[in-house]
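Novice: Could you have a look at this structure, given as structure tokens, before my questions?
The values are calculated or read from the model by the stated rules, or taken from the named source; none is laboratory data. Just so it is clear, the structure is predicted and the values come from calculations on it, not from any experiment. Please note: Cβ atoms are built from the backbone with ideal geometry, for glycine as well, and neighbour counts cover all protein chains shown.
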Amino acid sequence: DMERVLGPDHPATLATRTNLAGSRGQAGDVAGAAAAFAELLTDMERVLGPDHPDTLAARHNVASARREAGDVAGAAAAFEELLADRSRLLGPDHPDTLATRSHVAFFRGDAGDVAGAAATFAELLTDMERVLGPDHPETLATRANLAGWRGQAGDTAGAAAAFAELLTDMERVLGPDHPATLAARAHLASFRGQAGDVADAYAALEELLADRLKVLGPDHPSILTTRRNLARWRGEAGDAAGAAGAYERLLTDLLRVLGPGHPYTVAAREELAYWREASRR
């Protein structure tokens with residue numbers, strides 16, 4: 001209707017198309033979202049010009065959608081290009097430039113350069129604290145990324161300590177029910193488990209699942225992820241049969257909610273096979 005009344009090139013029409021493309025991605029149609037964002041970008045470049053902030057934001061959406069659709073290398077290259085253009089057009093300290101640096105750092109880690117990702121996030125954190133302040137949500141998110149990649153690089157105890165410290169600040173600034181606070185609790189539990197405290201990790205995740213269920217519905221991706229982590233730590237704690245049973249129940253829900261081709265479903269199927277095999281030993 002908006003397209004009919006205002007015309008296809010009206011800013012409000014373009015904004016609505018952006019929201020619709022985002023909704024497609026959230027509903028699980030990652031390929032459809034990627035195609036819709038790419039089409040929208042072409043129109044934005046034509047209507048608004050390549051240097052308009054909304055066009056740059058559309059490029060960000062295209063790159064993110066490509067990553068969700070599985071094209072990690074293409075998304076990484078797109079974010080590198082976007083970073084160069086945002087730095088040139090907006091300056092190095094603009095919040096959008098800093099956000100793009102965060103994505104570039106994340107892709108470094110994703111591509112296997114875990115130490116490089118940690119170092120890049122450490123540099124970014126210094127700039128975030130200077131530009132946005134220590135309590136800004138993006139600064140807190142950067143601390144979470146730094147702690148996460150530190151853990152991936154092998155310092156699981158250091159990562160657990162960093163997440164424990166971060167959690168105190170997140171609960172104060174964002175509140176205990178904020179998705180980022182709940183995510184930090186999940187990471188803290190995971191790194192504690194990896195550092196050897198398996199029973200503590202399992203207990204923390206059980207508590208987290210109960211709290212997340214109060215805030216989110218049972219089919220929310222965060223709930224499904226927490227259940228997956230719980231199943232894993234149950235197995236790591238020595239209950240392979242219990243882990244297999246938990247993965248079976250989880251897989252049923254993943255197939256219903258996300259479908260058979262979603263990366264979470266594929267991973268859970270592999271993990272179920274592993275714990276079934278382990279329970280027979």
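Novice: I need the full set of residues from the range 10-38 which are closer than 22 Å to VAL72 by Cβ and of a type outside the set (A, V, I, L, M), in order please.
Specialist: If the condition is that a residue be closer than 22 Å to VAL72 by Cβ and of a type outside the set (A, V, I, L, M), then GLY22, ARG24, GLY25, GLN26, GLY28, ASP29, GLY32, PHE37 are the ones that fit.
Novice: Would you say PHE121 is modelled with pLDDT of 95 or more, under 26 Å from GLY154 (Cα atoms) and under 18 Å from the mean Cα position of the chain (by Cα)?
Specialist: Yes.
Novice: Which residues, counting only those in the range 258-271, are in contact with a helix residue (DSSP H, G or I) (Cβ under 7 Å, 6 or more places away or on another chain) and either among the aliphatic types (A, V, I, L, M) or part of a helix (DSSP H, G or I) (or both)?
Specialist: Within the range 258-271, LEU258, TYR264, THR265, ALA268, ARG269, GLU271 meet the criteria.
Novice: If LEU41 satisfies all but one of (1) touching an Asp or Glu at 6+ places or on another chain (Cβ under 6 Å); (2) buried (at least 16 other Cβ atoms within 10 Å of the Cβ), what's the number of the condition it fails?
Specialist: It is condition (1) that LEU41 fails.
Novice: Out of all the residues in the range 154-166, which are surrounded by 18 or more Cβ atoms within 10 Å (Cβ to Cβ) and in contact (Cβ under 8 Å) with a residue 24 or more places away in the chain?
Specialist: THR156, ALA159, ALA160, PHE163, LEU166
Novice: If you go through the range 184-213 one residue at a time, how many are within 27 Å of GLY259 (Cβ to Cβ) and in contact (Cβ under 8 Å) with a residue 12 or more places away in the chain?
Specialist: 7
Novice: Being in a helix (DSSP H, G or I) and over 21 Å from LEU41 (Cα atoms) narrows it down to one residue among ALA105, ALA65, ALA76, ALA84; which is it?
Specialist: When all the criteria are applied, what remains is ALA105.
Novice: I've got another one for you. Considering only the range 140-257, give the helices (runs of 4 or more DSSP H) lying wholly within it that have at least 3 residues that are under 18 Å from the mean Cα position of the chain (by Cα) and within 30 Å of MET128 (Cα to Cα).
Specialist: 156-173, 179-194, 221-236
Novice: While we're on this one: Do we have GLY28 as part of a loop (DSSP other than H, G, I, E, B), without any contact (Cβ under 8 Å) to a residue 12 or more places away in the chain, over 30 Å from ALA118 (Cβ atoms) and out of contact with any Lys or Arg (no Cβ under 8 Å at 6 or more places or on another chain) here?
Specialist: no
Novice: Let me ask something additional. How do the pairs read when you match residues in the range 236-248 that are under 21 Å from ASP197 (Cα atoms) and without any contact (Cβ under 8 Å) to a residue 60 or more places away in the chain with residues anywhere that are in a helix (DSSP H, G or I) and among the β-branched types (Val, Ile, Thr), using Cβ under 7 Å and keeping only pairs 6 or more apart or on different chains?
Specialist: That search, which allows pairs on different chains as well, returns GLU236/VAL198; ALA237/VAL198.
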